[in-house]
Amino acid sequence: MIRWAILFAVVLAVSSTPTKCRNEGECLEERIHPDLPEPPQGRATDLDDSENKQTYWLNNAQDFVKTVTKRERNLKKAKNVIFFIGDGMGLATLAAARALKGGEEMKLAFEDFPDVGLAKTYSLDYIVPDSASTATAYLGGVKGNYYTVGVNGHVKKNDCEAMQVEANHVESIAQWAIDDGKSAGIVTTTRVTHASPAGTYAHTAHRDWESDSFIKKNCGADSKAQDIAYQLVHGKTGSEFKVIFGGGRREFVDKTLDKRGIRTDGKDLMKEWVDAKPNSKFIETLTDFHNLDVDQVDRVMGLFQDSHMLYHLNDTEKSQPTLEQMTMKAIQMLAKDDEGYFLFVEGGKIDLAHHDTQAQIALDETLEFSKAVDMALKITDDETLIVISSDHSHTFSVAGYPNRHNDIFGFGGSRANDGNPYMTLSYANGPSYDTYFDTKKNERIDPSKVKRDDPAAFFPATFDIDSETHGGEDVAVFAKGPFSHLFTGVYEQNTIPHLMAYAACWNKHFQMCDKLEKP
C-alpha cells in the first residue's frame, strides 16, 4: 500500500505540474532530455571548427579502425611485469580526469593501450569490496573476505587464529616471481603497510593490523600473530623485495626509540631490514632519494612520510618524491636483474580523496598516476607487460548536462527543481552532505555560494556518512606488452594475476611456456 501511495503522489505531482507539452509521453521526454540553453560564449564553444564537419569524425573512426586492424599480438614471453593500481579509480574518475587534463577528448597515458577488459570486484562476503579483499584477488588470484589481506575465505575479519594457519595463506604474484628467480618490489603513495601494497606480501585477518600495537589490542599480548610491518621486513615475500617506496615510517619503529613511531615491542624494523642483508639502504628524505645511486645498492627501502604520503597538491614545498619519480627509480633498481622483475605500483590517494569527497584532489592524483604510467612506458621495452587497473570504484559520478569543455568542477547545464544550479561532480554519499544541504531548513544550499576555491573543497553528497563509500561496479583493466590480448573480456578480478603469470611463465600450473594452447 505504501508503494502505491508514493507512486500515486508522484503521478499526481507530475500531472499537476504546468507544462507546454502536448501529452504525457512528450512531457516525459522533456523531463528526461531537457531543452538546455545554448552554451555561453567562451571555453564551451571555443572548439576546433573541424569537429563540426562529418569528415572529422569519419576520419577519426577510420583511423582507429586502421590502427586496431594493424595490431599484431606480442607473443613473446614477458621478462618483466609492472602492475599499476589506481586505488578507487573507477570509470567516472577516468572520464573526469580526462576533462581536467584538457578536455573530454583527451586520453590518459594508458588509454591508448591495445587491450582492455573489465574486472568484477565483489569480495566473498560483500557486493561492494574494500582494498584489502580486492588486493588478495588481483595479486593472489583468490577472492577473500572484506578487510582481510593475503588469506583465503576460511579467514574472517578479526580471526587471529585462522590467519596464522599457513594453509589459509594466499601467495601473491610477487612471490611467484621470486620463486622463479626474479626481483620484486613495491611503490605506493600510501603507507607501504596499507591494504593494497600489503597484498603483495602479508597474510592478516585485519587490514589495520599494520603494527604490533593493533595485534596486541585485538589478539592479546601473547598472540603470535604477526603485524603487517613485521611481515614486510621478516616475512617470506617482503624480506626478498629489492625496492620499497612509500610512506608509513611510524609502523616500523617503537615510540620509545623514535617519537614518530607507534610500535610497542621495542623494535626498529627499518634497522632490522637494513641489517638483514648486505648492501641494503634506508632513505627517508627527498635529498636521500635524489642522491640514491641504484648501482651502488642491492636493496633500498624509502619511507618518506610517517603515515601516508602527502597529496601532490598539498606538497607545496616539494618535500617528497612524486609517484612518477618513485616509479622511475624503482624500475631502474629492478632492471639491474637480467632475469626480470615484478613491480607493483599504487596511486593510493585517489581513493583517500574520494572518501573525503575531495574531487579536485582525487582527479589530480589520477593525473599523477597517469604520469607514472607514462614514465614506465618510456623506460621499458616490448619484453615488459604493463597492466593498469583499479581495485574498486566509488560513488562518484559525472552527471547532468554540462557544456562541452565546461569546467569539470563547475555546474551542470540546467537548474534543479529548487531553482538552484547543481554540480557536475557529486557523490552518492559522504561527509560533505551538510555542506550543500541545510538540515534545519530542509533545503539544498545553492552550490554557487559554497566556497570551492580550495583544492581540498568538498563536493556534494546525497546523504550523510563519515566517509564516502566504495562503488560495486566493474573496473577497467588496460594491458600492453606480451600476451596483453588475454586481458580482454569481462572476468573475475582474481583472474588478473593468473593472466600476468601466464605471460611471464611464473604460474607453475598454467603458463605460455608449456605450449598448452596455440597462439
Which members of segment 467-479 meet the condition of being more than 15 Å from Lys143 (Cβ to Cβ) and open to solvent by less than 40 Å² (accessible area, probe 1.4 Å)? Glu468, His470, Gly471, Ala476, Val477, Phe478, Ala479
So which residues in segment 140-153 are over 18 Å from the mean Cα position of the chain (by Cα), under 19 Å from Asp227 (Cα atoms) and without any contact (Cβ under 8 Å) to a residue 40 or more places away in the chain, if there are any at all? Gly144, Asn145, Asn152
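Here's the yes/no breakdown for (1) out of contact with any Phe, Trp or Tyr (no Cβ under 9 Å at 6 or more places or on another chain); (2) within 23 Å of Lys77 (Cβ to Cβ):
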| position | (1), (2) |
| --- | --- |
| Tyr311 | yes, no |
| Met326 | no, no |
| Ile331 | no, yes |
| Asp338 | yes, yes |
| Tyr341 | yes, yes |
| Thr357 | no, no |
| Ala372 | no, no |
Six or more apart or on different chains, Cβ atoms under 7 Å: show the pairs whose first residue is in segment 362-378 and among the polar types (S, T, N, Q) and whose second is assigned to a helix (DSSP H, G or I). Thr366/Thr93; Thr366/Ala97; Thr366/Ile350
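May I ask you to list the residues in segment 269-296 that are outside any helix (DSSP H, G or I) and either under 30 Å from the mean Cα position of the chain (by Cα) or basic (Lys, Arg) (or both)?
Lys277, Ser280, Lys281, Phe282, Ile283, Glu284, Thr285, Leu292, Asp293
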Looking only at segment 312-330, how many residues end up being buried (at least 22 other Cβ atoms within 10 Å of the Cβ) and of a type in the set (Val, Ile, Thr)? 1
Could you say whether any residue in segment 186-193 is out of contact with any Ser or Thr (no Cβ under 7 Å at 6 or more places or on another chain), touching a residue at least 12 places away in the same chain (Cβ under 8 Å), part of a loop (DSSP other than H, G, I, E, B) and under 22 Å from Ser211 (Cβ atoms)? yes
What are the residues in segment 109-139 that are in contact with a Gly (Cβ under 6 Å, 6 or more places away or on another chain), over 30 Å from Asp63 (Cβ atoms), open to solvent by less than 20 Å² (accessible area, probe 1.4 Å) and touching a residue at least 40 places away in the same chain (Cβ under 8 Å), if any? Ala135, Thr136, Leu139
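Which one of Pro431, Pro482 is open to solvent by less than 20 Å² (accessible area, probe 1.4 Å) and touching a helix residue (DSSP H, G or I) at 6+ places or on another chain (Cβ under 9 Å)? Even if it seems obvious, please write down each step before you answer.
Numbers: Pro431 fails: open to solvent by less than 20 Å² (accessible area, probe 1.4 Å).
Only one candidate qualifies: Pro482.
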Run Phe282 past the list (1) open to solvent by 70 Å² or more (accessible area, probe 1.4 Å); (2) under 30 Å from Ser223 (Cα atoms) and report the number of the one that doesn't hold. (1)
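Only one of Gly248, Gly238 is surrounded by 13 or more Cβ atoms within 10 Å (Cβ to Cβ), touching a His at 6+ places or on another chain (Cβ under 8 Å) and at pLDDT 95 or above; which?
On the way: Gly238 fails: touching a His at 6+ places or on another chain (Cβ under 8 Å).
Selected residue: Gly248, the only one of Gly248, Gly238 that is surrounded by 13 or more Cβ atoms within 10 Å (Cβ to Cβ), touching a His at 6+ places or on another chain (Cβ under 8 Å) and at pLDDT 95 or above.
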Scanning segment 412-437 residue by residue, the ones that are within 29 Å of Asp474 (Cβ to Cβ), modelled with pLDDT under 95 and in contact with a strand residue (DSSP E or B) (Cβ under 7 Å, 6 or more places away or on another chain) total 1
Report every pair of residues separated by at least 6 positions or lying on different chains whose Cβ atoms are under 6 Å apart, first residue within segment 263-288 and at pLDDT 95 or above, second open to solvent by 50 Å² or more (accessible area, probe 1.4 Å) and aromatic (Phe, Trp, Tyr). Met270/Phe282; Val274/Phe282
Checked segment 155-211 for anything open to solvent by 10 Å² or more (accessible area, probe 1.4 Å) and charged (D, E, K, R); matches are Lys156, Lys157, Asp159, Glu161, Glu166, Glu171, Asp179, Asp180, Lys182, Arg191, Arg207, Asp208
Quick one: which strands (runs of 3 or more DSSP E) sit completely within segment 331-413 and have at least 1 residues that are surrounded by fewer than 22 Cβ atoms within 10 Å (Cβ to Cβ)? 396-398
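The values are calculated or read from the model by the stated rules, or taken from the named source; none is laboratory data. Nothing here was measured: the structure is a model prediction, and the numbers come from that model. Quick reminder, even Gly has a Cβ in these numbers, built from the backbone with ideal geometry, and neighbours come from all protein chains shown. Note: accessible area is taken over every heavy atom of the protein model, side chains too, but ligands, DNA and RNA are not part of it. Shrake-Rupley method; radii C 1.70, N 1.55, O 1.52, S 1.80 Å.
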